[in-house]
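Notes follow once the structure below has been shown.
Coordinate-derived values only; no laboratory data. Since we're looking at a predicted model, the values are computed, not measured. Cβ placement follows ideal geometry from the backbone for every residue including glycine, while neighbour counts extend to all protein chains displayed.
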Amino acid sequence: MSAANRLEVRDLHRSFGGVRAVSGVSFTLESGDLLALIGPNGAGKSTCFNLLNGQLRPDAGSVRLDGAELVGLPPRRIWALGVGRTFQITATFASMTVAENVQMVLLSRARRLFGLWRPASACFRDEALALLARVGMDAQADRPCGVLAYGDLKRVELAMALAGDPKILLMDEPTAGMAPFERLELMALTASLVRERGLAVLFTEHDMDVVFGHATRVLVLDRGRPIAEGTPESVRADARVQSVYLGDEA
């Protein structure tokens, strides 16, 4: 396989006092992957995400993007190298329009915070509208984010993540708070973006219909440790997963 857009995570560990939040997590993520990270509450999923994008530093282990070590770099630098992220609770500017939220990311990506000859709201508008069209939000480009339905905010956040031109996209419970049909629509959109853009996506999710309907692979954590990894079919059939996690859903 090509080494391009390849995230290699090796033997990650992170403890908080006497609690081992992440213990021995390893996986590889490549272009075209849609890897679901699942597990019961407290399994270490959010901690793992925070280790990958630099919000936390691991006690041990390695995170490499296309061969370059990311451990020790600040989140801003990791983002600039191509690791984007969406959050469980949407992170948009409520008083700004949908288009302006996306334009702010495009401005930041271009390292321009203001211009002396034109207002920031005029910069990269066409590019922002194109991204919003791709996620089905261009018709609401001039509405303030503060008045949008939650499912629409999730789409705006996805457009903002794409504006950063990521190689790897981390999606922390991307469908949380959405109606069942919205969840399936958003993940179908994400899967199509993976194919179109050669993205690699790691996502956490509690809705098993979303996980087994869209993931190309599944990694299961329990108390910080990986207990299973493989195709959705093999993970669904794993007795340990059924006992620790999926059995709770039955």
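What the phi angles of segment 74-91 give under the Karplus curve with 6.51, -1.76 and 1.60, with θ = phi - 60°, is a coupling list of x, x, 4, 5, 5, 4, 5, 7, x, 10, x, 8, 10, 10, 4, 9, 4, 10 Hz, glycine and proline written as x. Between residue 185 and residue 237, the simple label model (points 7 Å from Cα in the Cβ direction) yields a spacing of 3.5 nm.
In percent, how large is the relative contact order of the chain, given Cα pairs closer than 8 Å and 6 or more residues apart? For the chain, the relative contact order is 28 percent.
Please work out which option in (i) 60, 39, 39; (ii) 62, 41, 32; (iii) 47, 38, 37 gives Cα extents along the principal axes in Å calculated from these coordinates, and answer with its label. Matching entry in (i) 60, 39, 39; (ii) 62, 41, 32; (iii) 47, 38, 37: (i). The calculated pair-distance distribution of segment 94-164 uses every alpha carbon pair, bins of 10 angstrom beginning at 0, and gives 23, 56, 20, 1 percent. Peptides 102-108, 195-201 ordered by packing proxy, namely the average of other Cβ atoms within 10 Å per residue, highest first: 102-108, 195-201.
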